[in-house]
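Peer 1: The structure's right below; bear with me while I get my questions together.
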Amino acid sequence: MRELLGEGPATRAELRAHLVKSPTLRHLATDATGAGADALYKPLHWRGDICFGPTKAGQTTFRLLSNDPAWPGLPAVGEAGRRAIELYLRSYGPATLANLAYWLTEGLSVPRRRLTTWIADLGGAVTTVSVAGVQGYVLTEDLDGLGSVEPTDVVRLLPGFDPWLFGPGTADQRLLAPAWRALATKGSNLVIRGGVVSGTWRARGTDIEVAWFDELGPEPTAALEREAERLATVLGRAERAPRTV
């Protein structure tokens with residue numbers, strides 16, 4: 001990994017191709033792409049070896065930290081844990097203890113007891129709130145802004161493995177029904193409506209094909225068309241109106 005990344009940022013596919021060339025590391029090549037890739041990359045992130053790099057042709061890249069003069073090195077565990085919780089809540093709060101455990105206990109093997117200790121250590125910086133009867137945590141400084149947020153039925157087309165879902169976790173049934181969890185964990189592109197996974201989509205040339213989950217009601221055709229136009233603007237290309245498959 002260091003050998004290839006020493007030449008600059010690389011995508012998962014490029015890392016896989018590099019591993020295939022090594023007789024002793026070839027068995028890891030399949031772990032470099034797809035849903036199982038976390039098992040290969042996470043430890044390297046934890047140890048401060050790599051971080052995300054700039055996108056390349058729309059694909060995520062990784063780069064070495066050792067040659068980055070801005071990298072201060074790894075902090076102490078307690079300091080890092082509290083900081084990780086603050087950053088997580090800033091992105092995903094209000095977040096439940098289960099959400100935090102998904103990210104830090106299941107993902108990083110932090111003992112749950114230590115996790116709750118870190119939350120307690122943050123004291124007044126974190127406030128407990130209830131959303132639809134579910135207890136969660138939020139940064140106290142974000143309370144005023146969150147209090148003014150209004151519900152929305154906005155539709156978004158997200159890429160596979162998007163942090164919007166993989167931050168809280170695919171087990172969070174408020175966001176994703178268990179019946180469709182496998183689609184998300186396999187990296188399907190997701191259709192979001194009102195903060196809930198409501199279908200999948202894929203691009204075929206300039207066509208966008210949507211597989212809407214009928215259990216969630218009628219397909220919002222007009223909203224999907226607006227989102228396709230927005231996506232086309234973001235990507236700088238012409239997308240046709242979505243069609244159901």
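Peer 1: Which condition number does ARG156 fail, the rest of (1) among the basic types (Lys, Arg); (2) under 26 Å from GLY107 (Cβ atoms); (3) surrounded by fewer than 15 Cβ atoms within 10 Å (Cβ to Cβ) being met?
Peer 2: It is condition (3) that ARG156 fails.
Peer 1: Keeping to region 41-55, report how many residues are charged (D, E, K, R) and modelled with pLDDT of 90 or more.
Peer 2: Looking only at that region, the number is 1.
Peer 1: In region 207-229, is there at least one residue being within 30 Å of LEU108 (Cβ to Cβ) and among the aliphatic types (A, V, I, L, M)?
Peer 2: Within region 207-229, none of the residues are within 30 Å of LEU108 (Cβ to Cβ) and among the aliphatic types (A, V, I, L, M).
Each row is one residue, and each column tells you yes or no for (1) in the same structural domain as ALA39 (by TED's automatic domain parsing); (2) under 23 Å from TRP164 (Cβ atoms); (3) surrounded by fewer than 11 Cβ atoms within 10 Å (Cβ to Cβ).
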| position | (1), (2), (3) |
| --- | --- |
| ALA57 | yes, yes, yes |
| THR60 | yes, yes, no |
| PRO72 | no, no, yes |
| GLY81 | no, no, no |
| ILE85 | no, yes, no |
| ARG90 | no, yes, no |
| PRO94 | no, yes, no |
| LEU104 | no, yes, no |
| LEU108 | no, yes, no |
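Peer 1: Next up: I want to confirm something. Restricting to region 207-236 and keeping residues that are among the β-branched types (Val, Ile, Thr) and crowded, with 18+ Cβ neighbours inside 10 Å, which single residue is nearest to GLN173 (Cα to Cα)?
Peer 2: VAL210
Peer 1: Please go through region 138-169 and pick out each residue that is out of contact with any strand residue (DSSP E or B) (no Cβ under 9 Å at 6 or more places or on another chain) and either closer than 16 Å to GLY195 by Cα or of a type in the set (Ser, Thr, Tyr) (or both).
Peer 2: SER148, VAL149, GLU150, PRO151, THR152, PRO163, PHE166, GLY169 - these are the residues of region 138-169 that are out of contact with any strand residue (DSSP E or B) (no Cβ under 9 Å at 6 or more places or on another chain) and either closer than 16 Å to GLY195 by Cα or of a type in the set (Ser, Thr, Tyr) (or both).
Peer 1: Can you say whether ARG47 is in contact with a Leu (Cβ under 9 Å, 6 or more places away or on another chain), without any contact (Cβ under 8 Å) to a residue 60 or more places away in the chain and exposed (fewer than 13 other Cβ atoms within 10 Å of the Cβ), as far as the supplied structure shows?
Peer 2: So ARG47 passes the test.
The values are calculated or read from the model by the stated rules, or taken from the named source; none is laboratory data. Being a predicted model, the structure only gives us computed values, none of them experimental. Please note: Cβ atoms are built from the backbone with ideal geometry, for glycine as well, and neighbour counts cover all protein chains shown.
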